[in-house]
1. Do we find a residue being in contact with a strand residue (DSSP E or B) (Cβ under 8 Å, 6 or more places away or on another chain), closer than 26 Å to ALA50 by Cβ and of a type outside the set (A, V, I, L, M) anywhere in the stretch 246-269?
2. Go through the residues of the stretch 179-191 one by one and say whether even a single one is farther than 24 Å from GLU231 by Cβ and within 21 Å of the chain's Cα centre (by Cα).
3. Examine the stretch 162-181 for a residue that is closer than 19 Å to ASN117 by Cα, crowded, with 21+ Cβ neighbours inside 10 Å and either within 11 Å of the ligand (Cβ to nearest atom) or outside the structural domain of PHE292 (by TED's automatic domain parsing) (or both), and state whether such a residue exists.
4. Any residue in the stretch 223-239 that is surrounded by fewer than 20 Cβ atoms within 10 Å (Cβ to Cβ), within 22 Å of the chain's Cα centre (by Cα) and within 14 Å of the ligand (Cβ to nearest atom)?
5. All but one of (1) exposed (fewer than 15 other Cβ atoms within 10 Å of the Cβ); (2) touching a residue at least 60 places away in the same chain (Cβ under 8 Å) hold for ALA305, so report the exception by its number.
6. In the set GLY85, GLY76, which member is under 20 Å from ALA258 (Cβ atoms), assigned by TED's automatic domain parsing to the domain that holds THR256 and surrounded by 12 or more Cβ atoms within 10 Å (Cβ to Cβ)?
7. Restricting to the stretch 193-204, name every residue that is touching a helix residue (DSSP H, G or I) at 6+ places or on another chain (Cβ under 6 Å) and within 16 Å of the ligand (Cβ to nearest atom).
8. Checking the structure you have, find out if any residue of the stretch 31-43 is surrounded by 22 or more Cβ atoms within 10 Å (Cβ to Cβ), within 14 Å of the ligand (Cβ to nearest atom) and not assigned by TED's automatic domain parsing to the domain that holds VAL254.
Amino acid sequence: MINWLSSKLDRISQLDSYIKPEKVEHSIKLDSNENFALDSQYIMKMASLAVAQTDLREYPLEQYEEFYSQLSSYTGVDARYLGAGNGSDQIIELLLSTLGKDQEVTVFTPTFSYFINRCELHGIKLNKVPLNREDNGLPQEEFLNQAAHSDIVYICSPNNPTGNQFAENQILKILEEIKEKLILIDEAYVEFGNYSLAKRIADYDNLIILRTLSKACGLAGARVGYLIANERFANAFRTSIQSPYPINSFSLAVATYALSDKAYLKQTVQLVKSERERVSGALNKLRGITVFKSDANFIFLASEANYERILNTLKDDRIIVKRFGDVNGLRGCLRVTIGTKEMNDKFLKSIYKAFDCCN
Ligand SMILES: Cc1ncc(COP(=O)(O)O)c(C=O)c1O
């Protein structure tokens with residue numbers, strides 16, 4: 001193989017690669033933070049309507065206008081501040097590949113692994129600040145010190161995988177103190193959280209917010225994400241950084257329908273939030289598991305010595321969760337998506353079974 005290509009591939013092969021979630025027949029899928037609270041018949045109906053109005057021979061044109069107009073109404077943000085992408089993954093990739101060269105990024109850990117992997121792929125230097133072990137809180141002073149030496153700051157809010165959202169005034173303090181750094185706030189799970197910074201977008205020209213329709217809107221398969229940024233950046237993103245048609249006509253049509261039914265989306269988010277509290281409450285009663293407070297559609301657990309036993313029981317019951325092993329000194333960590341009431345009941349039943357075995 002050509003020398004330069006071979007050495008690039010050698011470097012890439014040493015990086016952490018994306019491990020696709022397991023697909024197990026007839027399983028309960030609680031590993032990828034998708035949203036099953038949205039009724040599948042409802043999604044199917046939206047998809048049929050979208051098929052009927054889509055002519056796949058044409059590039060999407062007016063579909064973008066309709067999507068942006070609906071997105072503006074959903075977010076309460078003027079369309080001038082918006083930019084769409086093929087999932088927020090694609091937007092992250094574009095931001096890092098166009099802006100990241102020779103820059104340093106500060107992140108806290110653990111956080112969204114794709115973001116870290118993408119920085120590593122592009123050879124972007126990462127400053128990692130571990131979250132506080134006891135509550136996954138942000139060590140504010142240390143984070144600010146590290147951020148002061150870097151160019152870009154990434155804050156996942158609420159954070160994946162820990163689920164917590166830092167207090168709004170804590171994040172505003174960061175925005176106030178480091179105005180010379182680009183601050184990326186990943187709000188993939190924000191609908192399940194306590195606040196969004198979208199309303200502040202006109203106040204900070206160094207702020208870019210990343211959002212997605214994969215979580216609260218239940219459209220992970222449609223691959224639709226967006227950013228909210230100052231007008232100049234959003235315009236440059238739409239016209240130069242982004243490719244001309246990143247989202248296909250069909251996904252645009254489905255997304256436009258989904259965003260138009262705000263009441264239904266709100267209702268399902270509410271359902272997930274109340275199920276989250278129910279599942280957290282039930283898990284909290286078990287000894288030998290630490291359950292962290294979540295502001296997202298999933299729960300982060302440290303299951304300590306019960307890790308293998310829990311994983312084996314869940315596996316026998318065909319319940320798939322995300323395994324993390326040891327993280328920041330926490331042992332046996334798991335991330336569990338909140339599903340429908342029925343899915344959550346099956347998950348709890350399986351966990352109880354694992355505990356009966358070890359008690
Ligand atoms: C924090 C965070 N950001 C972004 C994404 C990617 O979302 P999308 O499906 O829009 O690419 C995810 C997906 O899990 C996520 O957890």
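1. yes
2. yes
3. Checked the stretch 162-181: at least one residue is closer than 19 Å to ASN117 by Cα, crowded, with 21+ Cβ neighbours inside 10 Å and either within 11 Å of the ligand (Cβ to nearest atom) or outside the structural domain of PHE292 (by TED's automatic domain parsing) (or both).
4. Scanning the stretch 223-239, I find no residue that is surrounded by fewer than 20 Cβ atoms within 10 Å (Cβ to Cβ), within 22 Å of the chain's Cα centre (by Cα) and within 14 Å of the ligand (Cβ to nearest atom), so the answer is no.
5. (2)
6. Residue meeting the stated conditions: GLY85.
7. Filtering the stretch 193-204 for residues touching a helix residue (DSSP H, G or I) at 6+ places or on another chain (Cβ under 6 Å) gives 195-196, 198, 201, 204.
Passing the criteria: SER196, ALA198.
8. Yes: the stretch 31-43 contains one or more residues that are surrounded by 22 or more Cβ atoms within 10 Å (Cβ to Cβ), within 14 Å of the ligand (Cβ to nearest atom) and not assigned by TED's automatic domain parsing to the domain that holds VAL254.
The values are calculated or read from the model by the stated rules, or taken from the named source; none is laboratory data. Only a predicted model underlies this, so the values are computations on that prediction, with no experimental measurement involved. Note that we place each Cβ from the backbone using ideal geometry, even for glycine, and neighbour counts take in every protein chain shown.
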